[in-house]
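The values are calculated or read from the model by the stated rules, or taken from the named source; none is laboratory data. In this text the structure is predicted, and so the values were computed from the model without any measurement. Cβ coordinates were reconstructed from backbone atoms using ideal geometry, including for glycine residues, and neighbour counts include every protein chain displayed.
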Amino acid sequence: MTALTFTSKSNSAHNVDCRRLTPNNLANLTVAQIENLSLLNTKNSPKIADCFDVSGTDANHIIFKKTHHQLDYIGHKMTSGQITIEGDCGDFLGANMRGGNIICHGNANDRVGDQMRRGLILIAGDAGDYCGSRMIAGTIGIYGNIGSNIGFAMKRGTILLTKVPSLLATIQDCGTHTLPFLTLLFKSFSAFNTPFNALKNLRVQRYAGDLACNGNGEILICNTNVSA
Amino acid sequence: MIINSIKIDDTFAEAFNMRGTRVLITAQNHKWAYHAANAMTGFATSVIGCGVEAGIERELSADETPDGRPGISILMFAMGSKVLMQQLETRMGQCILTCPTAAAFAGIESDDQISLGKNLRYFGDGYQTSKLINGKRYWRIPVMDGEFLTEETTGMVRAIGGGNFLILATSQPAALHAAETAIEAMKQVPNVIMPFPGGVVRSGSKVGSKYPKMFASTNDAFCPTLKGLVNSELSDNIESVMEIVIDGLTFDDIATSMRVGIQAICDLGESSGVKRISAGNYGGKLGPHHFKLHEIMGSASS
């Protein structure tokens, strides 16, 4: 079975809401059925075929091709499987995510993982503002640069970065530590072809917060030097 | 049956159904993994008094463990699932949580899952966090040396306990040397443990006692100093008997372990002082698993 692939037709004049294009929503549907689905649950919603060329059969692995920064809500409420984005994507990537993996090989806009509860989001490029906002749990990794207000109202969960961002006052520095669970986490990244595969060093700078909420979330600044 | 001048009795070891689990313990180095594993499997020789029978299965190299650190694989057996769960939790809390740098992981797959760190997490007093990695849930509990990492659950499987054989020799040193030789060989067999001190037990028991409160007492028929007093199983030249008890995940694992152990003793030959190999049973009425020595050693006889 080949991965179910959505190839964006062109840069749209409007943002495209991709929340229906998740493994759990599209399981057991044929390409024709998927093409005929409405993008949104509204009267005048465009069909999926209006925005994407659809191919492939394995809805458990969805690939987005020729993507751009106006594709919003990719992986919204997804519960299992994998979504691979071969370029950039829009806002709310993996918002309300409940499980599975999202791999973005480009950049993502704002609100990555908003209210995410479980699962993994890896972004090879940059991410916008409010990354991990209202995050309940799960793991987000951003290899590139990050916008402002990261971890805003974050309750639990882990955000992995490679650069120190500007942090909210309610996210506190807990010092530099060698965390044993990172071995398991890094090992699990090896299934995906991302720059995160190069991470080997278990020594990280740990920030915890958001103290305005539960304060059990963490932002870990990984060291990209290979030596452990 | 006689193998290399050592007589193998036409008898059988009688074994029981148990519940078993495996836990992988890792640490900064093998020294601390052994500290944790030895504590975890301490006071776990017999279900009669200890609740569980536990032991070290083998040493694990760093590339065999989930977190890439040196480790130890331990097996733990109990007569029922409830006791096994209780003992595992208690021992995890007192022996692994407390041991510097130690972490614990599930060592066996099964549909029956029992708590490893599931309830231990509350030690974190609200600062504990979980990570779901590749479908497995782990708990990170902040402790004074850093973070204690444990998998949430491990598998519980049906297992067998009480495989055994007796080494009958002309002297105590001879019996012990033979037992040690057998244990060294048996340690190479996977899926089994020999839970007694050093793998060897010198106080084999029989069911019942003259004292009403005792449900087990010394196996007088195999006590060399009682040869003239009781209906002894020992001939004049036997002066010491050692027993090796084996718990394992399957019948074949225990049978393999017994064969390897007995063969190692037989390889020592007549000069070792070992005269006979026998086995402990209760007439075949109590335990459903019978390990017949002649069948186990069948292919090795000469």
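For every residue, the table says whether it meets (1) assigned to a loop (DSSP other than H, G, I, E, B); (2) more than 17 Å from B:Met1 (Cα to Cα).
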{"residue": "B:Asp236", "(1), (2)": "yes, yes"}
{"residue": "B:Glu243", "(1), (2)": "no, yes"}
{"residue": "B:Ile246", "(1), (2)": "no, yes"}
{"residue": "B:Lys275", "(1), (2)": "no, no"}
{"residue": "B:Lys285", "(1), (2)": "yes, yes"}
Exercise. Quick one: what pairs do we get from segment A:32-58, first residue of a type in the set (Ser, Thr, Tyr), second loosely packed, with under 14 Cβ neighbours inside 10 Å and in a loop (DSSP other than H, G, I, E, B), C-beta under 7 Å, 6+ apart or different chains?
Worked result: A:Thr57/A:Met1; A:Thr57/A:Thr2
For this session: Among residues belonging to segment A:177-190 that are free of Cβ contacts under 8 Å to residues at least 12 places away in the same chain and surrounded by fewer than 19 Cβ atoms within 10 Å (Cβ to Cβ), point out the one that is nearest to A:Ile63 (Cα to Cα).
Result: A:Ser190
For this session: Give B:Asp125, B:Asp112 a once-over and let me know the one that is within 24 Å of B:Arg158 (Cα to Cα) and either facing chain A (nearest Cβ under 10 Å) or surrounded by fewer than 19 Cβ atoms within 10 Å (Cβ to Cβ) (or both).
Result: B:Asp112
For this session: Please work out which one of (1) part of a loop (DSSP other than H, G, I, E, B); (2) away from chain A (no Cβ under 11 Å) is the condition B:Ile74 fails and give its number.
Result: (1)
Exercise. How many of the residues in segment A:35-82 are in contact with a helix residue (DSSP H, G or I) (Cβ under 8 Å, 6 or more places away or on another chain) and of a type in the set (Val, Ile, Thr)?
Worked result: 5
For this session: For segment B:88-106, indicate whether the set of residues that are of a type in the set (S, T, N, Q) and assigned to a helix (DSSP H, G or I) is non-empty.
Result: yes
For this session: Within segment A:159-190, work out how many residues are basic (Lys, Arg) and away from chain B (no Cβ under 11 Å).
Result: 1
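Of everything in segment B:107-126, what is in a strand (DSSP E or B) and β-branched (Val, Ile, Thr)? Give them in sequence order. Steps first, please.
Taking segment B:107-126 and keeping what is in a strand (DSSP E or B), we get B:113-115.
Once the filter is applied, which keeps residues that are in a strand (DSSP E or B) and β-branched (Val, Ile, Thr), segment B:107-126 yields only B:Ile114.
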Exercise. So which residues in segment B:21-37 are among the basic types (Lys, Arg) and either surrounded by fewer than 19 Cβ atoms within 10 Å (Cβ to Cβ) or touching a helix residue (DSSP H, G or I) at 6+ places or on another chain (Cβ under 6 Å) (or both), if there are any at all?
Worked result: B:Lys31
Exercise. Would you say B:Ala264 is in a helix (DSSP H, G or I), within 15 Å of the chain's Cα centre (by Cα) and modelled with pLDDT of 95 or more?
Worked result: no
For this session: Could you run through segment B:3-40 and say how many residues are touching a Cys at 6+ places or on another chain (Cβ under 9 Å) and either without any contact (Cβ under 8 Å) to a residue 40 or more places away in the chain or assigned to a strand (DSSP E or B) (or both)?
Result: 6
Exercise. Looking at (1) outside any loop (DSSP other than H, G, I, E, B); (2) of a type outside the set (S, T, N, Q); (3) surrounded by fewer than 20 Cβ atoms within 10 Å (Cβ to Cβ); (4) under 20 Å from the mean Cα position of the chain (by Cα), which is the only condition A:Cys174 fails?
Worked result: (4)
Problem set entry | Among (1) surrounded by 20 or more Cβ atoms within 10 Å (Cβ to Cβ); (2) without any contact (Cβ under 8 Å) to a residue 60 or more places away in the chain; (3) more than 14 Å from chain A (Cβ to nearest Cβ), the one test that B:Lys131 misses | (3)
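Among the residues of segment A:47-79, write down those that are among the β-branched types (Val, Ile, Thr) and crowded, with 16+ Cβ neighbours inside 10 Å. Let's see the steps before the verdict.
Initial filter on segment A:47-79 (among the β-branched types (Val, Ile, Thr)): A:48, A:54, A:57, A:62-63, A:67, A:74, A:79.
Scanning segment A:47-79 gives A:Ile48, A:Val54, A:Ile62, A:Ile63, A:Thr67, A:Ile74.
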Seminar exercise, completed: Only one of A:Asn216, A:Asn223, A:Asn149 is within 17 Å of B:Pro142 (Cα to Cα) and buried (at least 16 other Cβ atoms within 10 Å of the Cβ), namely A:Asn216
For this session: Can you tell me which residue among A:Ala137, A:Ala169 is small (Gly, Ala, Ser) and over 24 Å from A:Ile83 (Cβ atoms)?
Result: A:Ala169
Exercise. Any chance segment A:123-130 includes a residue that's in a strand (DSSP E or B) and within 13 Å of another protein chain (Cβ to nearest Cβ)?
Worked result: no
Exercise. Applying the selection to segment B:1-26, what residues are within 30 Å of B:Thr101 (Cβ to Cβ) and small (Gly, Ala, Ser)?
Worked result: B:Gly20
For this session: Check B:Phe105 against each of (1) closer than 18 Å to B:Thr65 by Cβ; (2) at pLDDT 95 or above; (3) within 14 Å of chain A (Cβ to nearest Cβ); (4) touching a helix residue (DSSP H, G or I) at 6+ places or on another chain (Cβ under 7 Å) and name the one condition it does not meet.
Result: (4)
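Residues of segment A:88-122 being within 18 Å of A:Phe189 (Cβ to Cβ), outside any loop (DSSP other than H, G, I, E, B) and away from chain B (no Cβ under 14 Å), which ones? Explain how you work it out, then say what you get.
Taking segment A:88-122 as the starting set, the residues that turn out to be within 18 Å of A:Phe189 (Cβ to Cβ) are A:93-94, A:97, A:99-106, A:108, A:112-113, A:116, A:118-122.
Filter once more, so that each one left must be outside any loop (DSSP other than H, G, I, E, B): A:99-104, A:108, A:118-122.
Passing the criteria: A:Ile102, A:Ile103, A:Cys104, A:Ala108.
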